[in-house]
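Here is the structure we will look at, set down as structure tokens.
The values are calculated or read from the model by the stated rules, or taken from the named source; none is laboratory data. All of these numbers come straight from a predicted model, not from anything done at the bench. For neighbour counting, all protein chains shown are included, and Cβ atoms are generated from backbone atoms with ideal geometry for every residue, glycine included. For the accessible areas, the whole protein counts, side chains as well, though only heavy atoms, and no ligand, DNA or RNA atoms are used. Shrake-Rupley method; radii C 1.70, N 1.55, O 1.52, S 1.80 Å.
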Amino acid sequence: MVFKIEGLGACREVGRSAFVVDAGDKILLDYGAKIEPNRTTYPLPVKTNLNAIVISHAHLDHSGYLPHLFVTGNTLCYMTQPTLAIAEVLWHDALKIADIESKEIKYSKAEIEHTKTFTFPALYKRHLNITKNISMELYDAGHIIGSSMVKLTHKNRSLLYTGDFNPMETRMLAGADTNLDADYVISESTYGTSVHPPREQTEKEFVDAINETLDRKGIALVPAFAVSRSQELIEILYSYNVNADIYLDGMGQKIFNITLAHSEYLKDPRTLKKAMQNCVFVQNERQRAKLLKNPCVIVSSAGMLAGGPALYYLKRMHNDPKSSVYLTGYQVDKTPGRQLIDKGTIGLKGEEIRVNAEVKKFDFSAHADRESMLKCYKKWNPEKILLVHGDPQTMDPFAAAIKEELGIETITPEAGKTIKL
């Protein structure tokens, strides 16, 4: 036995990832919060002294509860520079929302500053001795800007934590760096039973739908995740020469500036910069009301319609059959976006409203699908795989498929249980 792994969250669910790896020294991999409408849930508490913390990427379900650890502690934390910059924006936004909704959140601005003080910005493919017994290397995960797969080595045995990863090239990113090996793998499994369509096909279908909306003099509302997805969509619209006013509203504006400030992580920063210059940042409600008077494209947070400026627009255009709502990301159960897809309704003004605008969903996933994950596992050839971060109805058949097709022992651990490797 070299590694003991205790899952504190996201073992058999999508959300609030956190894992303690014990190999003499104790490493925490991610510490995320699960954000749902009117409810936030947290990982199990860390009940041991930590020697180091590694955050795979900035999304709140992987980083959202990290500042809480600095209420009483000061463990050195590792992540890429863009991960820290984006996570800081998301942490402050979480505090803002908690204040608006009169909800308790178990950290403050002081803990965010404390977190930054004890964070060491790490680079890809740089060998670091993060404790006396454990070394670390980060590899580009291809999920969002700055996202990492974390490889830990102890006594010539290695453990790879994929976090959220995507080996496929996208408009902004070159795809995960999978040129590595590992004795054990902790892998996400979000799309373990799905195959994504080719990216080029999805882009063309999306742009064709946008143009159809514009041709009928409607407004195309594109609710989008603020981190990476909004920026990718703006670049797609620019690259396909969509002939309309294009607006960006919400937190995606801040993330756009952070993304360009870390252009070395991008595949084609020059085109992304041109795309940003080609769109208009929406600054206030007066501007929002004005732009709704003419056909246009609005890319706006939030991606699951659980808040953000997207709801402002939807309230005013939901009854217009010429207009459209194009969802571009994963819609978690019980979110407004999922309700819109499943039922064609959404909760507005305290009641269920039928949306008469056209509604479509496009698969712009930033996660690996079944086939790309199997290809990676075959390449890495680990002794064991621990599947995490997936729904049970996906994880169980995917684990069986890995065993049958690759002959690799695959485990789907439960939160709070310890797995020995």
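At-a-glance table
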{"quantity": "Solvent-accessible area per residue for the chain (1.4 angstrom probe, square angstrom)", "calculated": "42 Å²"}
{"quantity": "Charge-dipole axis of the stretch 175-268 as Lys and Arg at +1 and Asp and Glu at -1 on Cβ define it, positive-most pick from HIS196, ASN179, ILE255", "calculated": "ILE255"}
{"quantity": "Carbon/sulfur fraction of accessible area - the chain, other protein chains in place, 1.4 Å, %", "calculated": "46 percent"}
{"quantity": "Trypsin sites (Lys or Arg not before Pro) lying in DSSP loop within the stretch 165-221, provided at most 15 other Cβ fall within 10 Å", "calculated": "ARG216, LYS217"}
{"quantity": "Top positive-direction residue, dipole computed over the stretch 1-100 with Cβ charges, set LEU60, ALA87, CYS11", "calculated": "CYS11"}
{"quantity": "Rotationally averaged projected area of the stretch 24-72 (alpha carbon convex hull; nm²)", "calculated": "3.8 nm²"}
{"quantity": "For the stretch 319-405, convex hull of alpha carbons as volume per residue, Å³", "calculated": "119 Å³"}
{"quantity": "Whole-number Å³ per residue for the convex hull built on Cα positions in the stretch 1-131", "calculated": "110 Å³"}
{"quantity": "Cleavage-rule hits (trypsin sites (Lys or Arg not before Pro)) in the stretch 323-421: DSSP loop, at most 14 neighbouring Cβ within 10 angstrom", "calculated": "LYS334, LYS349, LYS417"}
{"quantity": "Semi-axis lengths (Å, descending) of the ellipsoid that matches the C-alpha gyration tensor of the stretch 370-410", "calculated": "16, 10, 10"}
{"quantity": "D (Stokes-Einstein, µm²/s), Kirkwood Cα radius, the chain, 0.692 mPa s at 37 °C", "calculated": "150 µm²/s"}
{"quantity": "Cα pair distances of the stretch 141-213 binned at 5 Å [whole percent]", "calculated": "4, 13, 18, 19, 17, 11, 7, 4, 3, 2, 1, 0"}
{"quantity": "The stretch 203-288 shape via C-alpha gyration tensor axes, a/c threshold 1.5", "calculated": "oblate"}
{"quantity": "Cα pair distances of the stretch 236-354 binned at 5 Å [whole percent]", "calculated": "2, 10, 19, 21, 20, 15, 9, 4, 1, 0"}
{"quantity": "GluC sites (Glu not before Pro) within the stretch 20-119, DSSP loop, no more than 15 other Cβ atoms inside 10 Å", "calculated": "GLU101, GLU104"}
{"quantity": "Hull volume in cubic angstrom per residue (convex hull over the Cα atoms of the stretch 1-57)", "calculated": "85 Å³"}
{"quantity": "Long-range amide H partners of LEU8 with built H, under 5 Å", "calculated": "ALA18, PHE19, VAL20, GLY416"}
{"quantity": "Equivalent-ellipsoid semi-axes of the stretch 276-345, from the Cα gyration tensor, Å, largest first", "calculated": "22, 14, 11"}
{"quantity": "Other-chain or far-sequence residues with amide H under 5 Å of VAL388's (modelled H)", "calculated": "SER187, GLU188, SER189"}
{"quantity": "Pairs of Cα atoms farther than 25 Å apart, the stretch 132-259, %", "calculated": "40 percent"}
{"quantity": "Percent RCO, i.e. relative contact order, over the stretch 343-421, from Cα pairs under 8 Å lying at least 6 residues apart", "calculated": "22 percent"}
{"quantity": "Within straight-line cross-link reach of LYS360, lysines at Cα separation under 16 Å, skipping those fewer than 8 residues along the same chain", "calculated": "LYS204, LYS322, LYS343"}
{"quantity": "From phi via Karplus (6.51, -1.76, 1.60), per-residue ³J(HN,Hα) for the stretch 45-52 in Hz, x at Gly/Pro", "calculated": "x, 7, 10, 9, 6, 9, 9, 6"}
{"quantity": "19 Å cut-off, amide nitrogen to a point 7 angstrom out along VAL207 Cα→Cβ, residues in the stretch 135-178", "calculated": "169-174"}
